[in-house]
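Trainee: Below you will find the structure I want to go over with you.
The values are calculated or read from the model by the stated rules, or taken from the named source; none is laboratory data. Here the structure is a predicted model, which is why all the values come from computation and not from measurement. Virtual Cβ from ideal backbone geometry, glycine too; neighbours counted across all protein chains shown. With ligands, DNA and RNA removed, areas are computed over all heavy atoms of the protein, side chains included. Shrake-Rupley method; radii C 1.70, N 1.55, O 1.52, S 1.80 Å.
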Amino acid sequence: MTPRSTTVAVVGAGPAGLVLAHVLRRAGVAVTVHERLSRPALENAARAGVLEHRVVEYLRTLGLADRLTAEGERHGRCEIACLGEKVLVDYGALSGGIRHWVYPQQLLVRDLIAAYERDGGAIAFESPVEAVTLDDANRPVLHTAGGELRAEYAVGCDGAHSVVAAAFADRADGPTRRYPYDWLTVLARISRPVDKIRYAVHADGFAGMMPRTADVGRFYLEVPAGEELAAWDERRIRAELAHRLELEGSDPALGGLLETGMLRMRGRVAHRMREGRLLLAGDAAHTVTPSGAKGLNSAVADAADLAGGLIAELLGGGSARLDGYQQRRLDAAWQTQEFSDRLLDLLHLPAGLPAEQREFALRLRLQRIHRIARPGPEATEFARAYAGAGELAAAPVWPSAQAAAVASAATAR
Ligand code: RFL
């Protein structure tokens with residue numbers, strides 16, 4: 001069988017892969033997208049939902065945020081409960097007007113797939129890439145059940161167990177942190193929308209309540225590391241959420257539990273995001289805990305930067321931008337890890353703290369909570385980092401005729 005070929009082979013149709021493929025295709029670069037899951041499975045996987053300001057602005061410039069901005073909700077306030085106080089953090093005001101958008105990841109993924117197809121693109125669903133190797137000229141070869149695909153570049157947007165990362169000499173290894181607790185995750189029907197994120201810093205462990213849609217909320221409970229889900233029946237989950245979150249009559253009441261899971265809490269950043277013609281973006285290169293809501297946002301930011309670099313490289317704009325991709329995005333990944341880790345530290349008591357020392361630790365945390373709620377440099381820095389102030393690196397705009405000409409030359413190489 002004659003091997004097929006493309007310019008950029010994208011592995012994985014999550015947020016990183018879809019945004020990257022979309023921008024490349026629009027610039028006239030030949031792209032393929034392989035996705036392991038079926039379309040319905042991908043379009044119904046509920047994960048993130050809190051989107052940074054800069055990510056939504058970027059999607060908006062691409063015309064990819066119409067439904068998001070029509071149906072999503074803007075959020076600029078959260079509250080942190082501790083020792084009977086509920087401290088309001090008006091991060092929208094503290095940041096000078098920068099707020100989140102709340103819109104479920106699976107809806108964003110559906111919108112991105114629809115937009116890609118509207119532009120004439122096609123995604124190979126249920127088509128896992130089994131392995132990636134390099135040919136004699138160090139060009140990537142993707143191995144799938146349907147045969148081999150040769151590419152100028154292969155980009156791993158395939159999440160934490162990336163097959164593209166596995167083709168790096170060091171398997172894109174890097175420092176990791178296993179936190180001394182896990183989070184039990186719950187998706188539940190609710191009687192009214194969650195109007196602001198609530199974090200509860202509690203002697204019995206952290207709990208969180210996050211908005212998703214008008215009648216669905218996302219909840220978290222801190223549990224000991226390695227805890228099995230089977231240890232938590234529905235009654236225990238409901239009681240513990242109500243107790244730690246101090247749910248009152250004015251709060252959303254929990255309806256049916258739609259999904260429960262156990263999230264092993266860890267952070268990881270690869271040493272490298274590029275090896276020759278192999279590149280990584282999103283969770284394939286770094287995973288961050290849900291604390292701070294940064295995973296999906298970082299994945300889109302990687303894709304935006306990488307799209308700019310690949311377009312410049314392939315369409316005659318030079319190599320400098322692609323060459324700088326790894327350093328820029330590793331720096332950003334470490335900033336993200338630091339933010340998420342700092343928030344985790346605030347929200348959890350030290351592991352194994354004796355009961356009689358917990359109030360002291362909670363009182364110290366309450367001081368820190370007030371510092372990020374009260375106007376001042378620390379609060380401004382937190383608010384801007386949390387809501388995602390600033391801009392993503394936008395891809396250069398290429399006149400379509402020129403783009404098409406150079407793209408076909410690139411594919412023929
Ligand atoms: P994804 O979304 O994991 O997509 C990777 C895709 O690659 C496919 N795949 C393959 N396809 C072909 N061949 C192979 N060999 C393949 N191997 C894998 C997979 O099927 C999949 O479709 O990675 P991407 O694009 O990097 O995006 C990352 C985000 O999905 C992730 O970081 C976020 O969901 C994290 N996250 C949150 N991030 C936020 O920014 N805000 C949030 O509020 C937020 N909340 C969350 C979260 C993650 C959670 N869980 C379940 C881990 C809440 C939760 C509970």
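Trainee: Inside the range 143-161, can you point out the residues that are within 17 Å of Pro15 (Cα to Cα) and open to solvent by 10 Å² or more (accessible area, probe 1.4 Å)?
Mentor: Cys157, Asp158, Gly159, Ala160, His161
Trainee: Can you run down the residue pairs with Cβ atoms below 9 Å, 6 or more apart or on separate chains, where the first is in the range 172-193 and farther than 30 Å from Ala253 by Cβ and touching a residue at least 24 places away in the same chain (Cβ under 8 Å) and the partner is part of a loop (DSSP other than H, G, I, E, B) and among the hydroxyl-bearing types (Ser, Thr, Tyr)?
Mentor: Every condition considered, the pairs that remain are Ala172/Ser162; Tyr179/Thr289.
Trainee: Taking into account only those residues within the range 281-291 that are more than 8 Å from the ligand (Cβ to nearest atom) and under 20 Å from Ala387 (Cβ atoms), which is surrounded by the most Cβ atoms within 10 Å (Cβ to Cβ)?
Mentor: Top of the filtered list is Ser291.
Trainee: Tell me, yes or no, whether the range 391-409 has at least one residue that is open to solvent by 70 Å² or more (accessible area, probe 1.4 Å), over 27 Å from the mean Cα position of the chain (by Cα), among the aliphatic types (A, V, I, L, M) and modelled with pLDDT of 95 or more.
Mentor: Checked the range 391-409: no residue is open to solvent by 70 Å² or more (accessible area, probe 1.4 Å), over 27 Å from the mean Cα position of the chain (by Cα), among the aliphatic types (A, V, I, L, M) and modelled with pLDDT of 95 or more.
Trainee: From the list Ala115, Ala160, Ala131, Ala151, exactly one residue is in a helix (DSSP H, G or I), within 16 Å of the ligand (Cβ to nearest atom) and either acidic (Asp, Glu) or touching a strand residue (DSSP E or B) at 6+ places or on another chain (Cβ under 6 Å) (or both). Which is it?
Mentor: Ala160
Trainee: Can I ask one more? Does the range 176-196 hold any residues that are closer than 25 Å to Gly17 by Cβ and open to solvent by less than 60 Å² (accessible area, probe 1.4 Å), and which are they?
Mentor: Thr185, Leu187
Trainee: Let me ask something else about it. Would it be correct to say that Asp331 is surrounded by fewer than 17 Cβ atoms within 10 Å (Cβ to Cβ), within 17 Å of the chain's Cα centre (by Cα) and either acidic (Asp, Glu) or not in a helix (DSSP H, G or I) (or both)?
Mentor: Considered against the rule, which asks whether it is surrounded by fewer than 17 Cβ atoms within 10 Å (Cβ to Cβ), within 17 Å of the chain's Cα centre (by Cα) and either acidic (Asp, Glu) or not in a helix (DSSP H, G or I) (or both), Asp331 comes out as yes.
Trainee: Taking into account only those residues within the range 37-62 that are open to solvent by less than 50 Å² (accessible area, probe 1.4 Å) and part of a loop (DSSP other than H, G, I, E, B), which is nearest to the ligand (Cβ to nearest atom)?
Mentor: In this case the residue turns out to be Ala48.
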